[in-house]
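These notes concern the structure reproduced below.
Just so it is clear, none of the values below were taken in a lab; they were calculated from the coordinates. None of the values given here were measured: they were computed from a predicted structure. A quick note on method: Cβ atoms are made from the backbone with ideal geometry, for glycine too, and the neighbour counts reach across all protein chains shown.
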């Protein structure tokens with residue numbers, strides 16, 4: 001079955017056939033026949049429809065740590081799915097082959113119930129909208145997450161965080177449990193390169209925590225764009241203000257991709273940024289994409305003991321007790337959900 005047009009639940013219908021999309025904070029105002037910045041929502045006779053409902057570019061079972069979520073259902077896997085396009089235009093995009101194009105006319109429809117059943121059959125603990133910006137599948141994920149919750153699955157988003165509060169509330173109501181949000185840089189980076197606002201992203205990080213979502217923040221340090229020390233300081237300070245000291249911060253290494261060909265991020269800069277973030281008071285700071293597992297370990301902030309060890313997106317040692325306490329000093333580590341030992345095929349309730 002070829003995918004179908006589905007009405008967007010968040011929109012404002014105006015006079016003269018105009019309609020405003022209220023899913024993301026670009027809030028595109030569309031005339032009849034025009035599509036939004038994201039290229040997936042279109043005005044048809046005064047009503048906005050999505051072209052991506054059930055149109056999936058990928059479906060794959062993946063470790064939750066690869067998202068990265070390090071404090072959410074450690075050791076579990078999530079059926080990960082995506083569509084096409086995005087509401088940002090990052091020149092360094094790693095998934096540009098799906099995020100910079102329109103949904104193909106020959107895309108085949110995947111029913112929400114069949115996707116959820118596939119996750120259950122595969123033994124996954126959850127669902128994850130990822131690879132490209134999941135807001136492109138907003139309407140679809142509302143239905144998928146409702147079904148997933150009924151089937152005992154958790155639901156997650158891997159997002160740029162540029163959605164409206166109304167969209168966040170609908171996702172939470174539908175069953176969203178966790179959101180990973182990318183912070184692209186300071187206000188200058190957002191305005192100059194993305195035509196967006198950084199305060200919206202930090203607002204959504206703070207609000208997501210307020211409504212009970214598990215949140216983790218990723219800061220990709222892009223050479224020549226977001227690697228200035230003043231930007232690093234800005235992100236660390238805003239993380240403390242809006243996310244708080246216990247929200248994990250992943251400081252990730254950039255590699256050349258798409259239209260950005262500057263050298264990979266200097267490792268010494270990433271290490272310096274990590275040390276600075278820890279000294280400023282962020283308790284869980286990780287470095288990704290450098291192939292050194294020590295910087296993907298979870299250390300107890302109180303005694304510095306490695307309570308969770310990871311290697312290549314896999315939990316290799318899990319030493320917390322049933323109440324998520326450090327075995328050395330008893331300090332409680334914030335972990336959402338359960339630890340799942342895939343090798344032993346049994347669940348450990350933490």
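Determine the calculated [θ] at 222 nm for the chain from helices alone, applying -39500 (n - 2.57) to every DSSP H run no shorter than 4 residues and normalising by the residue count; nearest 500 deg cm²/dmol.
The helix contribution divided over the chain gives -6500 deg cm²/dmol.
At a Förster distance of 22 Å, what's the computed FRET efficiency of residue 241 paired with residue 278, Cβ-Cβ distance as r, to 0.05?
0.85
log10 I(q)/I(0), Debye, Cα-only segment 143-291, no solvent, q = 0.08 Å⁻¹?
For the requested q values the scattering log ratios are -0.23.
If you line up the long axis of helix 165-174 against the longest principal axis of the chain, both from Cα atoms, how many degrees apart are they, to the nearest 10?
80
With the contact rule set at Cα under 8 Å and sequence spacing of 6 or more, what percent relative contact order holds for segment 6-50?
In percent, rounded to a whole number, it is 36.
Round to a whole angstrom and tell me the spacing of the C-alpha centers of segment 277-350 and segment 198-227.
Cα centroid to Cα centroid, the span is 21 Å.
Would you please put 58-68, 304-314, 129-139 in order of how densely packed they are, using the mean number of other Cβ atoms within 10 angstrom per residue and starting with the highest?
129-139, 58-68, 304-314
Which distance in nm do the two modelled labels at residue 188 and residue 94 give, with both placed 7 Å along the Cα-to-Cβ direction?
With each label point 7 Å from Cα toward Cβ, the separation is 2.6 nm.
Could you check the simple spin-label distance between residue 101 and residue 45, using points 7 Å along Cα→Cβ, in nm with one decimal?
3.2
Let me know the shape class of segment 1-96, please: from the alpha-carbon gyration tensor, a ≥ b ≥ c as square roots of the eigenvalues, rounded when a/c is under 1.5, otherwise prolate if a/b is greater than b/c, or oblate.
Judged from the Cα gyration tensor, segment 1-96 comes out prolate (a/c at least 1.5, a/b above b/c).
Let a ≥ b ≥ c be the square roots of the eigenvalues of the Cα gyration tensor of segment 45-144; is it rounded (a/c under 1.5), or, if not, prolate (a/b larger than b/c) or oblate?
It comes out oblate by the Cα gyration axes.
Calculate, for residue 108 and residue 331, the FRET efficiency according to 1/(1 + (r/R0)^6) with r their C-beta to C-beta distance and R0 51 Å; round to the nearest 0.05.
My answer for the efficiency is 0.55.
So how do 125, 12 line up by other beta-carbon neighbours within 10 Å, fewest first?
Taking fewest neighbouring Cβ atoms as first place, the list is 12, 125.
Taking the Cα atoms only, what angle lies between the long axis of helix 138-150 and the longest principal axis of the chain, rounded to 10 degrees?
50
What shape does segment 6-50 have by the C-alpha gyration tensor, where a ≥ b ≥ c are the square roots of the eigenvalues, rounded means a/c under 1.5, and otherwise prolate means a/b greater than b/c and oblate the rest?
Rounded, because the longest to shortest axis ratio a/c is under 1.5.
Can you give the extra length, in nm with one decimal, that the chain gains between residue 262 and residue 305 once fully stretched, where that is 0.36 nm per residue apart less the Cα-Cα distance?
Extra length from residue 262 to residue 305 when fully extended: 11.8 nm.
On full extension of the chain, what length is gained from residue 210 through residue 322, given 0.36 nm per residue of separation minus the C-alpha to C-alpha distance?
Answer, rounded to one decimal: 37.8 nm.
Which part of segment 248-273 falls in the paramagnetic zone of residue 291, meaning amide N under 15 Å from the point 7 Å along Cα-to-beta-carbon?
253-256, 264-265, 267
What is the antiparallel percent of DSSP beta bridges lying wholly in segment 98-222, to the nearest 5?
0
Note down the nm distance, to one decimal, between modelled labels 7 Å out along Cα→Cβ at residue 31 and at residue 255.
4.5
Please check which bits of segment 182-216 a label hung off residue 269 would reach, taking the label as a point 7 Å along Cα-to-C-beta and the cut-off as backbone N under 14 Å.
Inside the label zone: 185-186.
Hey, could you grab the Kirkwood Rh for the chain? Inverse mean 1/r over distinct alpha carbon pairs, Å, one decimal.
It works out to 20.8 Å.
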